[in-house]
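The structure under discussion appears below in the form of structure tokens.
Read-outs throughout are calculated quantities, based only on the coordinates presented, and are distinct from any laboratory measurement. Treat the numbers as computed from the prediction; the structure is a model and nothing was measured. Neighbour counts run over all protein chains shown; Cβ positions are idealised from the backbone, glycine included.
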Amino acid sequence: KSQLPYSVRGKSHPNPLARRLFEVAEAKKSNVTVSADVTTTKELLDLADRLGPHIAVIKTHIDILSDFSEDTITGLKALATKHNFLIFEDRKFIDIGNTVQKQYHNGTLRISEWSHIINCSVLPGEGIVEALAQTAQAPDFPYGSDRGLLILAEMTSKGSLATGAYTSASVDYARKYHSFVLGFVATRALGEVESSVAPAEGEDFVVFTTGVNLSSKGDKLGQQYQTPQSAIGRGADFIIAGRGIYAAPDPVEAAKQYQQQGWEAYLARVGGQ
Ligand code: UP6
């Protein structure tokens, strides 16, 4: 796990989107990603506007909206600019390369147009990472270096099979496609995981950790939670909280609480620098 402050990582990172991510975190003193798992555009935009000042990233599941439209895209993009946060569509691509390219770029959801960060599973093998990188790094791709991929290296659900060889392969492909791969969705830093690919000098993958909640240990469907302190102590650079924030009696107060605890845990990890 990184002991360096975001400001340092933001200056030296080879990936422009990672640099921006660290700059946003530093500027807003927030490593919170809110998982805005609401089901209408109005709720999503309302949440994004109210929580915007306290978060670094908003994570969407755009396909759970009952009324996705042009207004969803326009609204999200405007709020991302207004509040200086990045957008992460948690689509978890998992298919052959030819299919994921079409799911990512154009199509009904037009994910490439509005989402800075996407993620994928490596269950299909290396080709999925290669395909997404190829699309985003094509000379005629309109969004240039403002896009990046997180590899879903582990999952927080009970009995997850995203372990062992799967997690190792996640690290292999992240290293192999490091110009497009920002890092991982994982429960910890993965620097110690066995990998057949040697790390580049100064490798600095960003770790996003889901399953963060201050008041619950899990849900009835196998979700397993840890606290911001525990996640950041294990190497999370960004903590992702959904119900802990949006389903709290006062989501703005909750976001502030996660922001404060996330930031304090980060400062403790980097030695108060
Ligand atoms: N998510 C997980 N665990 C994973 C990967 N992704 O919970 O391993 C996503 C879920 C949801 C969010 O799809 O959007 O993170 C967690 O929401 P919660 O905080 O309300 O449990």
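Please provide three numbers in whole Å: the alpha-carbon extents of the stretch 1-114 along the principal axes, with the largest listed first.
Principal axes ranked by extent give 40, 36, 21 Å for the Cα atoms.
Can you give the local net charge around residue 105? Use residues other than it whose beta-carbon is closer than 11 angstrom to its beta-carbon, Lys and Arg +1, Asp and Glu -1.
Here the charged neighbours net out to +1.
Given 128, 94, 83, which one lies farthest toward the positive end of the charge dipole of the stretch 81-227, if we put +1 on the Cβ of every Lys and Arg and -1 on the Cβ of every Asp and Glu?
83
What is the local net charge at residue 176, summed over the other residues whose Cβ is closer than 14 Å to its Cβ (Lys, Arg +1; Asp, Glu -1)?
Around residue 176, the surrounding residues sum to -3.
Find how many whole Å separate the alpha carbon centroid of the stretch 185-210 from the alpha carbon centroid of the stretch 1-64.
19 Å
Counting only the backbone N, which residues of the stretch 6-35 are under 18 Å from the spot 7 Å out from the Cα of residue 219 toward its beta-carbon?
Inside the label zone: 33-35.
Averaging sequence separations of C-alpha pairs under 8 Å and six or more residues apart, then dividing by the length of the stretch 111-193, give the relative contact order as a whole percent.
33 percent
Suppose every K and R has +1 on its Cβ and every D and E has -1 on its Cβ; what is the size of the dipole of the stretch 1-157 about the Cα centre, in Debye to the nearest 20?
Charge dipole, the stretch 1-157, about its Cα centre: 660 debye, nearest 20.
With the cut-off at 1.5 for a/c, could you classify the chain from its C-alpha gyration tensor as rounded, prolate or oblate?
Rounded, since a/c falls under 1.5.
Over the chain, what is the mean sequence separation of C-alpha contacts under 8 Å (at least six apart), divided by residue count, expressed as relative contact order in percent?
With pairs under 8 Å counted, the relative contact order is 20 percent.
Over the Cα atoms of the stretch 100-173, what radius of gyration and what Dmax do you get, in Å?
That works out to 13.3, 42 Å for Rg and Dmax.
Suppose a student asked you for the relative contact order of the stretch 1-93, using Cα pairs under 8 Å spaced at least 6 residues apart; what percent would you report?
26 percent
Just need log10 I(q)/I(0) for the stretch 16-79 at q = 0.28 Å⁻¹, Debye formula, equal scatterers on the alpha-carbon atoms, no solvent, rounded to two decimals.
-1.18
Report, as a whole number in µm² per second, the diffusion coefficient that Stokes-Einstein gives for the stretch 111-215 at 37 °C and 0.692 mPa s using the Kirkwood radius over alpha carbon pairs.
230 µm²/s
Put +1 on the Cβ of every Lys and Arg and -1 on every Asp and Glu Cβ in the stretch 206-272; which of 249, 225, 263 then has its Cα farthest towards the positive end of the dipole?
225
If the viscosity is 1.002 mPa s and the temperature 20 °C, what translational diffusion coefficient in µm²/s does Stokes-Einstein give for the stretch 159-273 when Rh comes from Kirkwood over Cα pairs?
139 µm²/s
May I ask you to derive the FRET efficiency for residue 161 and residue 78 from their Cβ-Cβ distance with R0 = 45 Å, giving the value to the nearest 0.05?
0.70
With only Lys, Arg, Asp and Glu charged, each at its Cβ (+1 for the first two, -1 for the last two), find how big the charge dipole of the chain is about the Cα centre; round to the nearest 20 debye.
Using Cβ point charges on Lys, Arg, Asp and Glu, the chain gives about 520 debye.
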